[in-house]
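Please read the structure below before turning to the comments.
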Amino acid sequence: TWNLTVDSATSFTLVRIHVRGTGDLDTECLGSGIDIRASNATIRQSVFSKFGTKWCTAGIWFEGSTVELIDSEIVDNYTYNRGAGVNVSGGKLTLRHSTIRDNLTPVYGGGVYLSDGAELYLEEGSLITRNHGAGGSGVDTGAGTKVTISADSAIRDNTFNAETPQCGGEGTVIGICG
């Protein structure tokens, strides 16, 4: 089960929520922060933290949705799967004055994993930092995906080993990554 699931919502807003897991590594797809499908969401002044999953994204997972995070954090999540912080499948994620940090996966996308034509926009001082993933420690991009980093935002200080890029994968990156 997911902690919070939204499916086919025309529009919804979450304000000042803290969705927090136990910090334990669950054995299956248990404990993810929020699952958003075919919806438009605005999330303000919120935190998603301490989720540990074995096969699912830990912080936020969404598919075919448009999500805007404003003044929010996705922090301290862990998964064996792609996208410890956020996994975006065929949607659009915009960060405005938000941070994705201290998330960990032994595979792709410590901070964010993008697939199926997904788009990521970092704006207004947003930061993806101190995440750890074997491929694209900050952001990992699948074919046909796009990351746009404004001049006042950054993807930096993400690690796994000396060879792991800040932004990895086959997608397009506009702006400075690293």
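The values are calculated or read from the model by the stated rules, or taken from the named source; none is laboratory data. As the structure is a prediction and not an experimental result, all values here were calculated from the model. Note that each Cβ is placed from the backbone with ideal geometry, even for glycine, and that neighbours are counted across all protein chains shown. These accessible areas exclude ligands, DNA and RNA; they are computed on the full protein's heavy atoms, side chains included. Shrake-Rupley method; radii C 1.70, N 1.55, O 1.52, S 1.80 Å.
Table for the structure above
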| quantity | calculated |
| --- | --- |
| Selection within region 61-88 - modelled with pLDDT of 90 or more, polar (S, T, N, Q) and open to solvent by 40 Å² or more (accessible area, probe 1.4 Å) | Thr66 |
| Subset tally (residues that are open to solvent by less than 40 Å² (accessible area, probe 1.4 Å), modelled with pLDDT under 90 and either of a type in the set (Lys, Arg) or in contact with a His (Cβ under 8 Å, 6 or more places away or on another chain) (or both)) for region 132-175 | 0 |
| Matching residues, region 117-131, being assigned to a loop (DSSP other than H, G, I, E, B) and either modelled with pLDDT under 95 or of a type in the set (S, T, N, Q) (or both) | Ser126, Asn131 |
| Qualifying positions in region 82-111 - under 17 Å from Val19 (Cα atoms) and charged (D, E, K, R) | Arg101, Asp102 |
| Members of region 105-116 found to be not in a strand (DSSP E or B) and not charged (D, E, K, R), listed by number | Thr105, Pro106, Val107, Gly109, Gly110, Gly111 |
| Residue in region 42-60 that is modelled with pLDDT of 90 or more, hydrophobic (A, V, I, L, M, F, W, C), closer than 16 Å to Asp140 by Cα and within 12 Å of the chain's Cα centre (by Cα) present | no |
